[in-house]
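The values are calculated or read from the model by the stated rules, or taken from the named source; none is laboratory data. Predicted model, so just to flag it, every value in this text is computed and none were measured. Using ideal geometry, Cβ is built from the backbone for each residue, glycine included, and neighbour counts are taken over all protein chains shown. Just the protein is used for accessible areas: all its heavy atoms, side chains included, with ligands, DNA and RNA removed. Shrake-Rupley method; radii C 1.70, N 1.55, O 1.52, S 1.80 Å.
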Amino acid sequence: MARIDSRSAEQAAVKTTACLMAAAARTAPKTRGLDSLRTLILDGDELEALAAAMEAKGQSKPTKVPSFARDAKNVRASGAVLLIGVTGEPKNPTVPLNCGACGYGSCQEFINSAKAEGEDFHGPLCIYQLLDLGIALGSAAKVSADLNVDSRIMYSIGAAARAAGYLADCEVVMGLPLSVTGKSPYFDR
Ligand code: SF4
């Protein structure tokens, strides 16, 4: 009879959950039915590379942000990380919404505008891409909660991941680390 020890079972649970979270992000509703979402799962040696990138990112910011180093420790203690990002183009500009939420009077004005790289992300973005990202993040987080796998949405992971070249074609990226231990590493830190 085969035996699966607890560590092996928990590692498999983390990987399966990360895949199901990526699926939830994909099937989450998208504005105007247009999907610009990207996902990527990191585990193994990639976690140390990501954690190092987070520490470097926190140090490189003109205003030092200590949460980058703190969150990097969380990544090292995780079994996997799910990255979710979006590109920022207007949704279906051939039939433009022209809502103005991006600060421009029309989608065409947005398209014609100069985009800029900030400390972490590239903008501005069409607000509906960011709404899609938020819905996808919530859908993914719900899956981990339903499956009793600890997780947390982290801006620091996404900012560092993007700088390190993960999901480099996305303009905003967020990260969700996953863990199965007796106490969540992501809260009461
Ligand atoms: S946020 Fe800007 S780009 Fe997006 S629909 Fe509204 S006006 Fe167009």
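When the stretch 79-134 is filtered for residues that are among the acidic types (Asp, Glu), farther than 26 Å from residue 51 by Cα and more than 9 Å from the ligand (Cβ to nearest atom), only 132 remains. Scanning the stretch 76-83 for residues that are part of a loop (DSSP other than H, G, I, E, B), open to solvent by 20 Å² or more (accessible area, probe 1.4 Å), touching a Lys or Arg at 6+ places or on another chain (Cβ under 7 Å) and not polar (S, T, N, Q) turns up nothing. Checked against (1) out of contact with any helix residue (DSSP H, G or I) (no Cβ under 6 Å at 6 or more places or on another chain); (2) under 13 Å from residue 37 (Cα atoms), residue 138 passes all but a single condition, namely (2).
A search for C-beta distances below 9 Å between a residue of the stretch 152-163 that is within 12 Å of residue 67 (Cα to Cα) and any residue that is among the polar types (S, T, N, Q), counting only pairs 6+ apart in sequence or on different chains, returns 154/67; 154/74; 155/67; 156/67; 157/74. All conditions but one from (1) within 15 Å of residue 120 (Cα to Cα); (2) at pLDDT 95 or above apply to residue 52; the one that does not is (1). Taking first residues from the stretch 65-84 that are farther than 15 Å from residue 44 by Cα and without any contact (Cβ under 8 Å) to a residue 24 or more places away in the chain and partners that are open to solvent by 10 Å² or more (accessible area, probe 1.4 Å) and not β-branched (Val, Ile, Thr), the Cβ contacts under 7 Å between residues at least 6 apart in sequence or on separate chains come to 69/55. Residues of the stretch 1-41 that are within 19 Å of residue 77 (Cα to Cα), surrounded by fewer than 19 Cβ atoms within 10 Å (Cβ to Cβ) and in contact with a helix residue (DSSP H, G or I) (Cβ under 7 Å, 6 or more places away or on another chain): 41 alone.
Yes/no per residue for (1) in a helix (DSSP H, G or I); (2) more than 30 Å from residue 126 (Cβ to Cβ); (3) touching a Pro at 6+ places or on another chain (Cβ under 7 Å):
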{"residue": "59", "(1), (2), (3)": "yes, yes, no"}
{"residue": "68", "(1), (2), (3)": "yes, no, no"}
{"residue": "99", "(1), (2), (3)": "no, no, no"}
{"residue": "111", "(1), (2), (3)": "yes, no, yes"}
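Being touching a helix residue (DSSP H, G or I) at 6+ places or on another chain (Cβ under 8 Å) and basic (Lys, Arg) is a property that holds for residue 73.
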